[in-house]
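Trainee: The structure that follows is given in the form of C-alpha coordinates.
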Amino acid sequence: MEAYKHEPTLDYSKEDNKQAMEAALKQVEADFGKDYDLKIGGQSVTTDQKITSVNPARKDQVVGYVSKANQEHAEQAMQAALRAYESWRKWEPRHRAEILLKAAAIVKRRKHEFSATMVLEAGKPWKEADGDTSEAIDFMEYYARQMIRLSEPQEMLSETGFEHNELYYKPMGVGIVIPPWNFPFAIMCGTTVSSIVTGNTVLLKPASNTPVVAAKLYEVLKEAGLPDGVVNFVPGSGSEVGDYLVDHPKTRFISFTGSRDVGTRIFERAAKVQEGQQWLKRVVAEMGGKDTVVVDSEADLDIAAESIVYAAYGYAGQKCSACSRAVVHEDVYDEVLRKSIDLAKALSVGEPKDANYMGPVIDKGAFDKIAGYIEIGKEEGELVHGGKVDDSKGYFVEPTIFSGLKPNDRLMQEEIFGPVIAFCKVKDFEEAIEVANNTDYALTGSLISNNRQHIARAHRDFDVGNLYINRGCTGSVVGYHPFGGFKMSGTDAKAGSPDYLKNFLEAKTYTESY
(Lines give C-alpha, C1' and ligand atoms only; values in the text may rest on other atoms or scores of the structure.)
Protein backbone atom coordinates (compact mmCIF):
# COMPACT_ATOMS: atom_id res chain seq x y z
CA MET A 1 0.00 0.00 0.00
CA GLU A 2 1.35 3.40 -0.94
CA ALA A 3 1.88 6.03 1.72
CA TYR A 4 -1.01 8.42 2.28
CA LYS A 5 -1.06 11.56 0.14
CA HIS A 6 -3.52 14.44 0.21
CA GLU A 7 -5.96 14.40 -2.71
CA PRO A 8 -5.05 17.41 -4.90
CA THR A 9 -7.67 20.05 -5.56
CA LEU A 10 -8.49 21.05 -9.12
CA ASP A 11 -7.53 24.17 -11.02
CA TYR A 12 -10.70 25.44 -12.69
CA SER A 13 -8.77 27.90 -14.83
CA LYS A 14 -7.85 24.85 -16.89
CA GLU A 15 -10.40 24.36 -19.63
CA ASP A 16 -10.76 20.59 -19.21
CA ASN A 17 -11.60 20.94 -15.50
CA LYS A 18 -14.01 23.79 -16.23
CA GLN A 19 -15.82 21.79 -18.90
CA ALA A 20 -16.00 18.72 -16.67
CA MET A 21 -17.60 20.74 -13.87
CA GLU A 22 -20.09 22.37 -16.23
CA ALA A 23 -21.09 18.93 -17.52
CA ALA A 24 -21.45 17.63 -13.96
CA LEU A 25 -23.68 20.56 -13.03
CA LYS A 26 -25.96 19.75 -15.96
CA GLN A 27 -25.99 16.09 -14.90
CA VAL A 28 -27.00 16.96 -11.33
CA GLU A 29 -29.63 19.43 -12.53
CA ALA A 30 -31.13 16.70 -14.70
CA ASP A 31 -31.76 14.73 -11.49
CA PHE A 32 -33.53 17.60 -9.71
CA GLY A 33 -36.70 16.43 -7.99
CA LYS A 34 -35.55 12.82 -7.67
CA ASP A 35 -36.73 10.77 -4.67
CA TYR A 36 -34.25 9.20 -2.22
CA ASP A 37 -35.29 6.41 0.17
CA LEU A 38 -34.27 5.49 3.67
CA LYS A 39 -31.83 2.58 3.81
CA ILE A 40 -32.41 0.20 6.72
CA GLY A 41 -30.53 -3.06 6.83
CA GLY A 42 -29.83 -2.67 3.11
CA GLN A 43 -33.52 -2.29 2.26
CA SER A 44 -35.07 0.79 0.68
CA VAL A 45 -37.91 2.33 2.66
CA THR A 46 -40.15 5.03 1.19
CA THR A 47 -42.10 7.30 3.51
CA ASP A 48 -44.93 9.72 2.88
CA GLN A 49 -43.18 12.49 4.77
CA LYS A 50 -40.26 14.00 2.86
CA ILE A 51 -37.33 16.29 3.50
CA THR A 52 -37.22 18.76 0.62
CA SER A 53 -33.67 19.72 -0.33
CA VAL A 54 -33.60 23.18 -1.91
CA ASN A 55 -30.90 25.04 -3.82
CA PRO A 56 -30.11 27.99 -1.46
CA ALA A 57 -29.12 30.15 -4.44
CA ARG A 58 -32.46 29.48 -6.17
CA LYS A 59 -35.24 28.88 -3.69
CA ASP A 60 -37.56 27.66 -6.44
CA GLN A 61 -35.30 24.72 -7.33
CA VAL A 62 -35.81 21.41 -5.52
CA VAL A 63 -32.64 19.31 -5.57
CA GLY A 64 -34.39 16.22 -4.24
CA TYR A 65 -37.05 14.72 -2.02
CA VAL A 66 -35.67 12.49 0.73
CA SER A 67 -37.82 10.12 2.74
CA LYS A 68 -38.07 11.20 6.36
CA ALA A 69 -37.61 8.67 9.15
CA ASN A 70 -39.72 8.53 12.31
CA GLN A 71 -39.03 6.75 15.60
CA GLU A 72 -40.32 3.43 14.27
CA HIS A 73 -37.83 3.59 11.40
CA ALA A 74 -35.10 4.61 13.84
CA GLU A 75 -35.78 1.54 15.96
CA GLN A 76 -35.78 -0.71 12.89
CA ALA A 77 -32.43 0.78 11.86
CA MET A 78 -31.03 0.26 15.37
CA GLN A 79 -31.98 -3.42 15.28
CA ALA A 80 -30.46 -3.79 11.80
CA ALA A 81 -27.23 -2.15 13.01
CA LEU A 82 -27.10 -4.43 16.07
CA ARG A 83 -27.48 -7.52 13.88
CA ALA A 84 -24.86 -6.34 11.40
CA TYR A 85 -22.41 -5.52 14.19
CA GLU A 86 -22.16 -9.14 15.25
CA SER A 87 -20.53 -10.09 11.96
CA TRP A 88 -18.91 -6.77 10.95
CA ARG A 89 -16.86 -6.54 14.15
CA LYS A 90 -15.23 -9.89 13.26
CA TRP A 91 -13.99 -8.74 9.86
CA GLU A 92 -10.25 -8.39 9.55
CA PRO A 93 -9.42 -4.67 9.90
CA ARG A 94 -7.52 -4.76 6.61
CA HIS A 95 -10.62 -6.00 4.80
CA ARG A 96 -12.71 -3.20 6.30
CA ALA A 97 -10.02 -0.75 5.26
CA GLU A 98 -10.06 -2.06 1.71
CA ILE A 99 -13.75 -1.10 1.40
CA LEU A 100 -12.80 2.48 2.25
CA LEU A 101 -10.01 2.46 -0.32
CA LYS A 102 -12.37 1.17 -2.98
CA ALA A 103 -14.97 3.78 -2.03
CA ALA A 104 -12.32 6.49 -2.33
CA ALA A 105 -11.49 5.28 -5.83
CA ILE A 106 -15.17 5.42 -6.80
CA VAL A 107 -15.48 8.99 -5.52
CA LYS A 108 -12.36 10.00 -7.44
CA ARG A 109 -14.06 8.84 -10.62
CA ARG A 110 -17.23 10.74 -9.66
CA LYS A 111 -15.43 13.76 -8.22
CA HIS A 112 -17.07 16.40 -10.39
CA GLU A 113 -20.51 14.94 -9.73
CA PHE A 114 -20.09 15.12 -5.94
CA SER A 115 -18.72 18.66 -6.15
CA ALA A 116 -21.54 19.75 -8.47
CA THR A 117 -24.08 18.28 -6.05
CA MET A 118 -22.70 20.50 -3.28
CA VAL A 119 -22.63 23.55 -5.54
CA LEU A 120 -26.37 23.12 -6.06
CA GLU A 121 -27.50 21.61 -2.75
CA ALA A 122 -25.25 23.51 -0.33
CA GLY A 123 -24.49 26.68 -2.30
CA LYS A 124 -20.76 25.95 -2.35
CA PRO A 125 -18.54 27.77 -4.84
CA TRP A 126 -16.62 25.47 -7.20
CA LYS A 127 -13.33 25.69 -5.32
CA GLU A 128 -14.96 25.10 -1.94
CA ALA A 129 -16.97 22.15 -3.27
CA ASP A 130 -13.89 20.58 -4.83
CA GLY A 131 -12.03 20.99 -1.54
CA ASP A 132 -14.91 19.31 0.27
CA THR A 133 -14.83 16.32 -2.10
CA SER A 134 -11.04 16.08 -1.86
CA GLU A 135 -11.26 16.05 1.92
CA ALA A 136 -13.84 13.25 1.85
CA ILE A 137 -11.43 11.20 -0.28
CA ASP A 138 -8.64 12.04 2.16
CA PHE A 139 -10.66 10.81 5.14
CA MET A 140 -11.30 7.46 3.46
CA GLU A 141 -7.70 7.04 2.36
CA TYR A 142 -6.21 8.15 5.67
CA TYR A 143 -8.50 6.31 8.06
CA ALA A 144 -8.10 3.09 6.07
CA ARG A 145 -4.35 3.24 6.64
CA GLN A 146 -4.70 4.25 10.28
CA MET A 147 -6.98 1.28 10.97
CA ILE A 148 -4.39 -1.08 9.57
CA ARG A 149 -1.77 0.52 11.81
CA LEU A 150 -3.96 0.29 14.92
CA SER A 151 -4.93 -3.32 14.20
CA GLU A 152 -1.50 -4.56 15.24
CA PRO A 153 -1.24 -5.58 18.92
CA GLN A 154 0.69 -3.05 20.96
CA GLU A 155 3.54 -4.75 22.80
CA MET A 156 3.75 -3.84 26.48
CA LEU A 157 6.36 -4.25 29.17
CA SER A 158 6.33 -7.51 31.13
CA GLU A 159 8.17 -9.52 33.75
CA THR A 160 10.82 -11.09 31.56
CA GLY A 161 10.28 -14.81 31.25
CA PHE A 162 7.08 -14.88 33.29
CA GLU A 163 4.30 -13.35 31.21
CA HIS A 164 3.34 -11.86 27.87
CA ASN A 165 1.37 -8.59 27.80
CA GLU A 166 -0.21 -6.79 24.90
CA LEU A 167 -2.82 -4.10 24.32
CA TYR A 168 -5.16 -4.11 21.36
CA TYR A 169 -8.19 -2.18 20.17
CA LYS A 170 -11.71 -3.51 19.67
CA PRO A 171 -14.89 -1.91 18.24
CA MET A 172 -17.57 -0.55 20.55
CA GLY A 173 -20.97 -1.27 19.00
CA VAL A 174 -23.61 0.89 17.33
CA GLY A 175 -22.98 4.60 16.90
CA ILE A 176 -25.10 7.56 15.82
CA VAL A 177 -23.52 9.88 13.24
CA ILE A 178 -24.99 13.40 13.08
CA PRO A 179 -22.99 15.52 10.61
CA PRO A 180 -23.44 19.19 9.60
CA TRP A 181 -24.56 20.84 6.38
CA ASN A 182 -21.54 23.11 5.92
CA PHE A 183 -19.16 20.30 4.94
CA PRO A 184 -21.93 18.05 3.66
CA PHE A 185 -19.62 15.48 2.12
CA ALA A 186 -16.26 15.74 3.90
CA ILE A 187 -17.40 15.75 7.52
CA MET A 188 -20.38 13.50 6.85
CA CYS A 189 -18.08 11.01 5.13
CA GLY A 190 -15.26 11.30 7.67
CA THR A 191 -17.47 10.75 10.70
CA THR A 192 -19.21 7.81 9.01
CA VAL A 193 -16.20 5.93 7.67
CA SER A 194 -14.14 6.41 10.83
CA SER A 195 -16.96 4.80 12.77
CA ILE A 196 -17.29 1.78 10.49
CA VAL A 197 -13.64 1.06 9.60
CA THR A 198 -13.09 0.52 13.31
CA GLY A 199 -15.67 -2.28 13.26
CA ASN A 200 -18.74 -0.43 14.50
CA THR A 201 -22.07 -0.07 12.73
CA VAL A 202 -23.87 3.24 12.44
CA LEU A 203 -27.11 5.10 11.93
CA LEU A 204 -26.38 8.08 9.70
CA LYS A 205 -28.75 11.01 10.26
CA PRO A 206 -27.56 13.64 7.76
CA ALA A 207 -28.28 17.35 7.98
CA SER A 208 -31.74 18.17 6.65
CA ASN A 209 -30.32 20.89 4.36
CA THR A 210 -27.99 18.47 2.54
CA PRO A 211 -29.35 14.90 2.56
CA VAL A 212 -28.87 14.21 -1.17
CA VAL A 213 -25.07 14.18 -1.06
CA ALA A 214 -25.33 11.84 1.95
CA ALA A 215 -27.57 9.49 -0.03
CA LYS A 216 -24.88 9.42 -2.71
CA LEU A 217 -22.23 8.41 -0.19
CA TYR A 218 -24.43 5.48 0.81
CA GLU A 219 -24.55 4.44 -2.85
CA VAL A 220 -20.76 4.54 -3.05
CA LEU A 221 -20.26 2.47 0.11
CA LYS A 222 -22.65 -0.19 -1.15
CA GLU A 223 -20.88 -0.28 -4.52
CA ALA A 224 -17.59 -0.69 -2.66
CA GLY A 225 -18.93 -3.84 -0.96
CA LEU A 226 -20.16 -2.65 2.42
CA PRO A 227 -22.45 -5.29 3.99
CA ASP A 228 -26.12 -4.52 4.65
CA GLY A 229 -26.84 -2.84 7.98
CA VAL A 230 -23.33 -1.51 8.61
CA VAL A 231 -24.53 1.95 7.57
CA ASN A 232 -28.22 2.76 7.88
CA PHE A 233 -29.42 5.96 6.22
CA VAL A 234 -32.10 7.56 8.41
CA PRO A 235 -32.67 11.28 7.70
CA GLY A 236 -35.14 12.79 10.14
CA SER A 237 -35.80 15.61 12.58
CA GLY A 238 -33.48 16.14 15.51
CA SER A 239 -36.31 16.40 18.02
CA GLU A 240 -37.89 13.11 16.93
CA VAL A 241 -35.25 10.80 15.49
CA GLY A 242 -32.13 12.47 16.88
CA ASP A 243 -33.26 12.55 20.51
CA TYR A 244 -34.63 9.01 20.27
CA LEU A 245 -31.32 7.62 19.06
CA VAL A 246 -29.16 9.67 21.45
CA ASP A 247 -31.26 8.36 24.34
CA HIS A 248 -31.40 4.77 23.11
CA PRO A 249 -29.87 2.29 25.60
CA LYS A 250 -28.15 0.39 22.77
CA THR A 251 -26.38 3.49 21.43
CA ARG A 252 -22.69 3.17 22.24
CA PHE A 253 -21.41 6.49 20.90
CA ILE A 254 -22.56 9.69 19.20
CA SER A 255 -20.41 11.49 16.63
CA PHE A 256 -21.75 15.02 16.22
CA THR A 257 -20.70 18.15 14.37
CA GLY A 258 -22.86 21.24 14.58
CA SER A 259 -23.94 24.10 16.81
CA ARG A 260 -23.00 24.61 20.42
CA ASP A 261 -26.63 24.53 21.53
CA VAL A 262 -27.31 21.15 19.91
CA GLY A 263 -23.94 19.72 20.90
CA THR A 264 -24.29 20.54 24.58
CA ARG A 265 -27.84 19.19 24.52
CA ILE A 266 -26.61 15.90 23.06
CA PHE A 267 -23.80 15.77 25.62
CA GLU A 268 -26.29 16.24 28.45
CA ARG A 269 -28.79 13.67 27.15
CA ALA A 270 -26.08 11.10 26.44
CA ALA A 271 -24.83 11.39 30.03
CA LYS A 272 -28.09 9.98 31.42
CA VAL A 273 -27.94 6.22 31.84
CA GLN A 274 -31.12 4.64 30.45
CA GLU A 275 -32.80 1.47 31.68
CA GLY A 276 -30.97 -1.50 30.19
CA GLN A 277 -27.88 0.52 29.27
CA GLN A 278 -24.61 -1.26 30.07
CA TRP A 279 -22.06 1.48 29.34
CA LEU A 280 -21.36 5.17 29.50
CA LYS A 281 -21.97 6.61 26.06
CA ARG A 282 -19.06 8.30 24.37
CA VAL A 283 -19.69 11.67 22.72
CA VAL A 284 -17.41 13.08 20.05
CA ALA A 285 -18.52 16.66 19.42
CA GLU A 286 -17.26 19.54 17.32
CA MET A 287 -19.36 22.59 18.10
CA GLY A 288 -18.07 25.71 16.40
CA GLY A 289 -15.76 28.64 16.87
CA LYS A 290 -15.22 32.37 17.10
CA ASP A 291 -11.93 32.48 15.27
CA THR A 292 -9.42 35.31 15.32
CA VAL A 293 -6.65 36.54 13.08
CA VAL A 294 -4.17 38.54 15.16
CA VAL A 295 -1.96 41.07 13.33
CA ASP A 296 0.98 42.64 15.15
CA SER A 297 2.91 45.78 14.22
CA GLU A 298 5.67 43.83 12.44
CA ALA A 299 3.41 41.81 10.13
CA ASP A 300 3.38 41.65 6.35
CA LEU A 301 0.19 43.64 5.85
CA ASP A 302 -0.69 42.11 2.48
CA ILE A 303 -0.53 38.63 4.00
CA ALA A 304 -2.59 39.92 6.91
CA ALA A 305 -5.40 41.25 4.73
CA GLU A 306 -5.44 38.17 2.53
CA SER A 307 -5.51 35.88 5.57
CA ILE A 308 -8.43 37.78 7.10
CA VAL A 309 -10.55 38.11 3.96
CA TYR A 310 -10.18 34.68 2.42
CA ALA A 311 -10.58 32.91 5.77
CA ALA A 312 -13.69 35.00 6.47
CA TYR A 313 -15.50 34.70 3.15
CA GLY A 314 -14.68 31.24 1.87
CA TYR A 315 -18.10 29.57 1.70
CA ALA A 316 -19.70 32.81 2.96
CA GLY A 317 -18.15 32.43 6.39
CA GLN A 318 -20.09 29.23 7.04
CA LYS A 319 -17.17 27.34 8.53
CA CYS A 320 -16.54 26.74 12.21
CA SER A 321 -12.95 27.75 11.45
CA ALA A 322 -13.84 30.94 9.55
CA CYS A 323 -12.20 34.20 10.59
CA SER A 324 -14.86 36.36 12.22
CA ARG A 325 -12.56 38.61 14.28
CA ALA A 326 -9.50 40.61 13.24
CA VAL A 327 -7.49 41.84 16.21
CA VAL A 328 -4.98 44.35 14.87
CA HIS A 329 -2.22 46.46 16.44
CA GLU A 330 -3.08 50.16 16.43
CA ASP A 331 0.03 51.10 14.41
CA VAL A 332 -1.13 49.08 11.37
CA TYR A 333 -4.89 48.94 12.01
CA ASP A 334 -5.99 51.50 9.43
CA GLU A 335 -3.87 50.02 6.64
CA VAL A 336 -4.92 46.42 7.32
CA LEU A 337 -8.55 47.53 7.39
CA ARG A 338 -8.18 49.42 4.09
CA LYS A 339 -6.46 46.49 2.38
CA SER A 340 -9.13 44.10 3.65
CA ILE A 341 -11.92 46.31 2.34
CA ASP A 342 -10.22 46.50 -1.07
CA LEU A 343 -9.97 42.71 -1.25
CA ALA A 344 -13.58 42.26 -0.14
CA LYS A 345 -14.79 44.69 -2.81
CA ALA A 346 -13.14 42.54 -5.50
CA LEU A 347 -15.04 39.37 -4.56
CA SER A 348 -17.85 38.27 -6.85
CA VAL A 349 -21.11 37.29 -5.16
CA GLY A 350 -23.86 35.34 -6.90
CA GLU A 351 -24.97 31.87 -7.87
CA PRO A 352 -22.10 29.45 -7.26
CA LYS A 353 -23.16 27.56 -10.37
CA ASP A 354 -21.78 30.52 -12.34
CA ALA A 355 -18.33 30.21 -10.70
CA ASN A 356 -18.74 33.20 -8.36
CA TYR A 357 -16.32 33.47 -5.43
CA MET A 358 -19.10 33.62 -2.84
CA GLY A 359 -22.59 32.18 -2.99
CA PRO A 360 -25.61 32.23 -0.66
CA VAL A 361 -25.95 31.29 2.96
CA ILE A 362 -27.67 27.98 3.53
CA ASP A 363 -31.31 28.86 4.34
CA LYS A 364 -33.84 31.37 5.63
CA GLY A 365 -32.93 30.77 9.27
CA ALA A 366 -29.25 31.50 8.64
CA PHE A 367 -30.11 34.51 6.48
CA ASP A 368 -32.29 36.05 9.19
CA LYS A 369 -29.73 35.37 11.91
CA ILE A 370 -26.90 36.99 9.94
CA ALA A 371 -29.08 39.96 8.97
CA GLY A 372 -29.84 40.41 12.67
CA TYR A 373 -26.15 40.45 13.55
CA ILE A 374 -25.52 43.07 10.87
CA GLU A 375 -28.03 45.33 12.61
CA ILE A 376 -26.32 44.65 15.94
CA GLY A 377 -22.99 45.54 14.31
CA LYS A 378 -24.34 48.91 13.21
CA GLU A 379 -25.04 49.69 16.86
CA GLU A 380 -21.74 48.37 18.21
CA GLY A 381 -19.30 49.55 15.54
CA GLU A 382 -18.99 51.21 12.15
CA LEU A 383 -20.13 49.45 8.97
CA VAL A 384 -17.26 50.07 6.56
CA HIS A 385 -18.12 47.57 3.83
CA GLY A 386 -21.08 45.50 2.68
CA GLY A 387 -24.06 44.94 4.92
CA LYS A 388 -26.65 44.43 2.17
CA VAL A 389 -28.84 41.31 2.21
CA ASP A 390 -31.24 39.94 -0.40
CA ASP A 391 -33.45 36.86 -0.16
CA SER A 392 -35.68 37.59 -3.16
CA LYS A 393 -34.15 34.79 -5.23
CA GLY A 394 -31.73 33.03 -2.90
CA TYR A 395 -30.21 33.74 0.51
CA PHE A 396 -27.49 36.26 -0.32
CA VAL A 397 -25.48 38.37 2.13
CA GLU A 398 -22.71 40.74 1.04
CA PRO A 399 -19.19 40.34 2.46
CA THR A 400 -19.44 42.65 5.45
CA ILE A 401 -16.83 44.42 7.59
CA PHE A 402 -17.34 46.33 10.83
CA SER A 403 -14.60 48.38 12.48
CA GLY A 404 -14.21 49.83 15.95
CA LEU A 405 -15.51 46.85 17.88
CA LYS A 406 -14.75 46.43 21.58
CA PRO A 407 -13.58 43.03 22.91
CA ASN A 408 -16.84 42.19 24.69
CA ASP A 409 -19.24 43.35 21.99
CA ARG A 410 -21.65 40.70 20.73
CA LEU A 411 -20.03 40.71 17.28
CA MET A 412 -16.76 39.81 19.01
CA GLN A 413 -18.23 37.10 21.22
CA GLU A 414 -21.05 35.25 19.46
CA GLU A 415 -20.76 32.84 16.54
CA ILE A 416 -22.42 34.48 13.53
CA PHE A 417 -21.66 31.77 10.96
CA GLY A 418 -21.82 34.15 8.04
CA PRO A 419 -19.72 36.58 5.98
CA VAL A 420 -19.19 39.19 8.71
CA ILE A 421 -15.83 40.36 10.10
CA ALA A 422 -15.40 42.39 13.28
CA PHE A 423 -12.23 44.53 13.48
CA CYS A 424 -10.84 45.35 16.93
CA LYS A 425 -7.86 47.66 17.61
CA VAL A 426 -5.32 46.82 20.35
CA LYS A 427 -2.41 48.77 21.76
CA ASP A 428 0.15 45.95 22.08
CA PHE A 429 0.71 42.22 21.60
CA GLU A 430 -0.18 41.43 25.21
CA GLU A 431 -3.63 42.89 24.69
CA ALA A 432 -3.97 41.12 21.33
CA ILE A 433 -3.51 37.68 22.92
CA GLU A 434 -5.85 38.62 25.75
CA VAL A 435 -8.59 39.61 23.29
CA ALA A 436 -7.99 36.56 21.10
CA ASN A 437 -8.56 34.29 24.09
CA ASN A 438 -11.60 36.05 25.56
CA THR A 439 -14.37 33.92 24.01
CA ASP A 440 -16.05 30.66 25.00
CA TYR A 441 -14.58 29.04 21.89
CA ALA A 442 -11.05 27.90 21.09
CA LEU A 443 -11.04 26.24 17.67
CA THR A 444 -8.69 27.97 15.20
CA GLY A 445 -6.66 31.14 15.13
CA SER A 446 -3.90 32.85 13.16
CA LEU A 447 -1.03 35.14 13.98
CA ILE A 448 0.44 37.32 11.25
CA SER A 449 3.87 38.38 12.45
CA ASN A 450 7.60 38.46 11.69
CA ASN A 451 8.50 38.73 15.36
CA ARG A 452 9.88 35.41 16.61
CA GLN A 453 9.14 36.29 20.25
CA HIS A 454 5.51 36.97 19.39
CA ILE A 455 5.30 33.71 17.45
CA ALA A 456 6.77 31.81 20.40
CA ARG A 457 4.32 33.50 22.76
CA ALA A 458 1.38 32.58 20.52
CA HIS A 459 2.64 28.99 20.33
CA ARG A 460 2.37 28.83 24.10
CA ASP A 461 -0.54 31.14 24.97
CA PHE A 462 -2.90 31.54 21.97
CA ASP A 463 -5.53 29.12 23.26
CA VAL A 464 -6.85 27.32 20.17
CA GLY A 465 -6.81 23.76 18.93
CA ASN A 466 -5.40 24.76 15.52
CA LEU A 467 -2.95 27.67 15.42
CA TYR A 468 -1.65 29.00 12.10
CA ILE A 469 1.24 31.41 11.59
CA ASN A 470 1.32 33.79 8.61
CA ARG A 471 -1.69 32.22 6.89
CA GLY A 472 -5.45 32.13 7.32
CA CYS A 473 -7.22 30.10 9.99
CA THR A 474 -9.12 27.78 7.60
CA GLY A 475 -8.07 24.96 5.30
CA SER A 476 -6.89 22.10 7.51
CA VAL A 477 -5.72 19.04 5.58
CA VAL A 478 -6.36 15.46 6.73
CA GLY A 479 -3.19 13.91 8.09
CA TYR A 480 -1.38 17.26 7.98
CA HIS A 481 -3.37 19.49 10.34
CA PRO A 482 -5.38 17.40 12.85
CA PHE A 483 -8.53 19.42 13.48
CA GLY A 484 -10.42 20.13 16.69
CA GLY A 485 -10.65 22.72 19.44
CA PHE A 486 -10.88 23.44 23.14
CA LYS A 487 -13.47 24.99 25.44
CA MET A 488 -16.95 25.18 23.85
CA SER A 489 -15.54 24.28 20.44
CA GLY A 490 -15.93 20.64 21.38
CA THR A 491 -14.12 17.55 22.60
CA ASP A 492 -10.92 18.20 20.61
CA ALA A 493 -11.20 14.80 18.90
CA LYS A 494 -8.66 15.93 16.28
CA ALA A 495 -10.20 14.68 13.05
CA GLY A 496 -7.62 13.59 10.52
CA SER A 497 -5.07 12.65 13.18
CA PRO A 498 -3.35 9.35 14.05
CA ASP A 499 -5.42 9.27 17.25
CA TYR A 500 -8.86 9.98 15.82
CA LEU A 501 -9.98 6.37 15.32
CA LYS A 502 -9.39 5.68 19.01
CA ASN A 503 -12.57 7.68 19.68
CA PHE A 504 -14.50 4.69 18.29
CA LEU A 505 -12.42 1.90 19.82
CA GLU A 506 -11.91 0.37 23.24
CA ALA A 507 -8.48 -0.71 24.45
CA LYS A 508 -8.21 -4.24 25.82
CA THR A 509 -5.21 -5.63 27.70
CA TYR A 510 -4.21 -9.27 27.25
CA THR A 511 -1.89 -10.96 29.76
CA GLU A 512 -0.69 -14.55 29.62
CA SER A 513 1.46 -16.04 32.36
CA TYR A 514 4.03 -18.72 31.61
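Results for (1) in the same structural domain as Asp228 (by TED's automatic domain parsing); (2) modelled with pLDDT of 95 or more; (3) touching a helix residue (DSSP H, G or I) at 6+ places or on another chain (Cβ under 6 Å); (4) among the charged types (D, E, K, R), shown as yes or no for each residue.
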position: Glu113; (1), (2), (3), (4): yes, yes, yes, yes
position: Thr117; (1), (2), (3), (4): yes, yes, yes, no
position: Arg145; (1), (2), (3), (4): yes, yes, no, yes
position: Met156; (1), (2), (3), (4): yes, no, no, no
position: Ser195; (1), (2), (3), (4): yes, yes, yes, no
position: Val202; (1), (2), (3), (4): yes, yes, yes, no
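Trainee: Right, next: Being more than 27 Å from Met140 (Cβ to Cβ) and not polar (S, T, N, Q), is that true of even one residue in the stretch 234-242?
Mentor: Yes: the stretch 234-242 contains one or more residues that are more than 27 Å from Met140 (Cβ to Cβ) and not polar (S, T, N, Q).
Trainee: Okay, next question. Give the residues of the stretch 154-194 that are among the aliphatic types (A, V, I, L, M) and without any contact (Cβ under 8 Å) to a residue 60 or more places away in the chain, sorted by residue number.
Mentor: Once the filter is applied, which keeps residues that are among the aliphatic types (A, V, I, L, M) and without any contact (Cβ under 8 Å) to a residue 60 or more places away in the chain, the stretch 154-194 yields Leu157, Ala186, Met188.
Trainee: Can you go through Ile40, Ile51 and tell me which one is of a type in the set (A, V, I, L, M, F, W, C) and either assigned by TED's automatic domain parsing to the domain that holds Glu219 or more than 15 Å from Pro211 (Cα to Cα) (or both)?
Mentor: Ile40
Trainee: Taking into account only those residues within the stretch 201-233 that are outside any loop (DSSP other than H, G, I, E, B) and among the small types (Gly, Ala, Ser), which is farthest from Lys124 (Cα to Cα)?
Mentor: Ala215
Residues are listed down the side, and each one gets a yes or a no for (1) assigned by TED's automatic domain parsing to the domain that holds Tyr500; (2) more than 20 Å from Asn182 (Cα to Cα); (3) more than 19 Å from the chain's Cα centre (by Cα); (4) charged (D, E, K, R):
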| residue | (1), (2), (3), (4) |
| --- | --- |
| Trp279 | yes, yes, yes, no |
| Ala299 | no, yes, yes, no |
| Ala304 | no, yes, yes, no |
| Ala326 | no, yes, yes, no |
| Glu330 | no, yes, yes, yes |
| Arg338 | no, yes, yes, yes |
| Ala344 | no, yes, yes, no |
| Leu347 | no, yes, yes, no |
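Trainee: Which residues, taken from the stretch 19-44, are of a type in the set (Lys, Arg) and free of Cβ contacts under 8 Å to residues at least 12 places away in the same chain?
Mentor: Listed by number, the list holds a single entry, Lys26.
Trainee: Please find, among Ala271, Ala207, the residue that is without any contact (Cβ under 8 Å) to a residue 60 or more places away in the chain and surrounded by 17 or more Cβ atoms within 10 Å (Cβ to Cβ).
Mentor: Ala207
Residue by residue, here is whether (1) farther than 20 Å from Gln27 by Cβ; (2) basic (Lys, Arg) holds:
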position	(1), (2)
Trp91	yes, no
Ala97	yes, no
Lys102	yes, yes
Arg109	no, yes
Lys124	no, yes
Asp132	no, no
Tyr142	yes, no
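Trainee: Which is buried (at least 22 other Cβ atoms within 10 Å of the Cβ), in contact (Cβ under 8 Å) with a residue 12 or more places away in the chain, under 25 Å from Thr191 (Cα atoms) and assigned by TED's automatic domain parsing to the domain that holds Val174, of Tyr500, Tyr441?
Mentor: Criteria check complete, one pass: Tyr500.
Trainee: Checking the condition in contact (Cβ under 8 Å) with a residue 24 or more places away in the chain, charged (D, E, K, R) and touching a strand residue (DSSP E or B) at 6+ places or on another chain (Cβ under 6 Å), which residue from Glu351, Glu306, Glu330 passes?
Mentor: That would be Glu330, the only listed residue that is in contact (Cβ under 8 Å) with a residue 24 or more places away in the chain, charged (D, E, K, R) and touching a strand residue (DSSP E or B) at 6+ places or on another chain (Cβ under 6 Å).
Trainee: If a residue has to be farther than 26 Å from Met140 by Cα and of a type outside the set (S, T, N, Q) to count, how many in the stretch 24-53 make the cut?
Mentor: 12
Trainee: Being part of a loop (DSSP other than H, G, I, E, B) and of a type in the set (Val, Ile, Thr) is the filter here, so list the residues in the stretch 479-514 that pass it.
Mentor: Within the stretch 479-514, Thr491 is the sole residue that qualifies.
Trainee: Yes or no: Arg325 surrounded by fewer than 20 Cβ atoms within 10 Å (Cβ to Cβ) and at pLDDT 95 or above?
Mentor: Here the answer is no, as Arg325 does not meet what is asked.
Trainee: Under 23 Å from Asp296 (Cβ atoms) and free of Cβ contacts under 8 Å to residues at least 24 places away in the same chain: which single residue out of His459, His454 fits that description?
Mentor: Residue meeting the stated conditions: His459.
The values are calculated or read from the model by the stated rules, or taken from the named source; none is laboratory data. Worth saying up front: this structure is predicted, and the values here are computed from it rather than measured. Backbone-built Cβ (ideal geometry, glycine too); neighbour counts: all protein chains shown.
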